[in-house]
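Report on the following structure.
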Amino acid sequence: MEKSQGVVERMRVTPVSRLALLLGRVLRDATVLLFQAVLLVLAALVMGLRAPLPGVLIGFAFVALLTLSLASLSYALGMRLSTPQAFGPAVNALTMPSMLLSGLMNPMTLGPQWLDVLSHLMPFRYLVDAVRDAYVGSYATAHMLYGVLVAAGFAVLAVTVGTRVFRTAGA
């Protein structure tokens, strides 16, 4: 909406770096999502969640990195789409298969073998597996290593893409 109202264009003529413009928005989104994550974990603790504090904090770090990545890509997509109405269907077409193939709802090992193999192509699978390990107190695992590498790499790639699109869109 801000793009169609000219807000983004007015921001882009300021002498502020495009990275700073993107990160200001992305960090706001990450703060809101982290607050929501804290509320969910507190509710889960009331309902019987038993997870070590370091594991929960590691989970929050993964949430922050994933939010940084997805918000950057969302802003890049929003800048590339011609109308705000196209954003919702585009995001839903990407998030639903990603969520299902990540193993977020059920561990992929419980599904058919071909689906488990296919899910390894989904970067979110590694983050979900790492958070599961963190919540049971297993910090030095292959899942944790892959999760950290994928989350950090995905964040760097997404912020780079977001910054480039923010710099060139409409130019």
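For residues in the stretch 2-56 being of a type in the set (Asp, Glu) and at pLDDT below 75, which is nearest to ASP133 (Cα to Cα)?
Residues of the stretch 2-56 that are of a type in the set (Asp, Glu), as a first pass: 2, 9, 29.
Then keep just the ones that are at pLDDT below 75; that gives 2, 9.
Values: GLU2: 40, GLU9: 44 Å.
Once the filter is applied, the top-ranked residue is GLU2.
Restricting to the stretch 160-171, name every residue that is open to solvent by less than 40 Å² (accessible area, probe 1.4 Å) and either in a loop (DSSP other than H, G, I, E, B) or modelled with pLDDT of 95 or more (or both). Step through it out loud before you land on a result.
First pass over the stretch 160-171, keeping only residues open to solvent by less than 40 Å² (accessible area, probe 1.4 Å): 162-163, 165-166, 169.
Hit for the stretch 160-171 is ALA169, nothing else.
Out of all the residues in the stretch 58-72, which are within 18 Å of VAL128 (Cβ to Cβ) and either of a type in the set (A, V, I, L, M, F, W, C) or touching a strand residue (DSSP E or B) at 6+ places or on another chain (Cβ under 7 Å) (or both)? Give the steps one after another, and end with the answer.
Step one: filter the stretch 58-72 for residues within 18 Å of VAL128 (Cβ to Cβ), giving 58-70.
ILE58, PHE60, ALA61, PHE62, VAL63, ALA64, LEU65, LEU66, LEU68, LEU70, listed by residue number.
Just to be sure I understand, how many residues within the stretch 36-80 are in contact (Cβ under 8 Å) with a residue 60 or more places away in the chain, open to solvent by 50 Å² or more (accessible area, probe 1.4 Å) and either over 21 Å from the mean Cα position of the chain (by Cα) or more than 24 Å from LEU23 (Cα to Cα) (or both)?
Total satisfying the criteria: 1.
Could you list, in sequence order, the residues of the stretch 87-140 that are among the hydrophobic types (A, V, I, L, M, F, W, C), in a loop (DSSP other than H, G, I, E, B) and open to solvent by less than 50 Å² (accessible area, probe 1.4 Å)?
Residue satisfying the conditions is MET122 alone.
Can you give me the number of residues within the stretch 67-87 that are out of contact with any helix residue (DSSP H, G or I) (no Cβ under 6 Å at 6 or more places or on another chain) and within 20 Å of ALA152 (Cβ to Cβ)?
2
Go through the stretch 40-85 residue by residue and tally those that are closer than 17 Å to TYR139 by Cβ, of a type outside the set (D, E, K, R) and outside any helix (DSSP H, G or I).
Residues that pass the stated criteria total 2.
The values are calculated or read from the model by the stated rules, or taken from the named source; none is laboratory data. Predicted, not measured: the structure shown is a model, and the values here were computed from it. Here the Cβ is made from the backbone with ideal geometry for all residues, glycine too, and neighbour counts use every protein chain on show. Ligands, DNA and RNA are stripped out before the accessible areas are found, and what is left, the full protein with its side chains, is counted by its heavy atoms. Shrake-Rupley method; radii C 1.70, N 1.55, O 1.52, S 1.80 Å.
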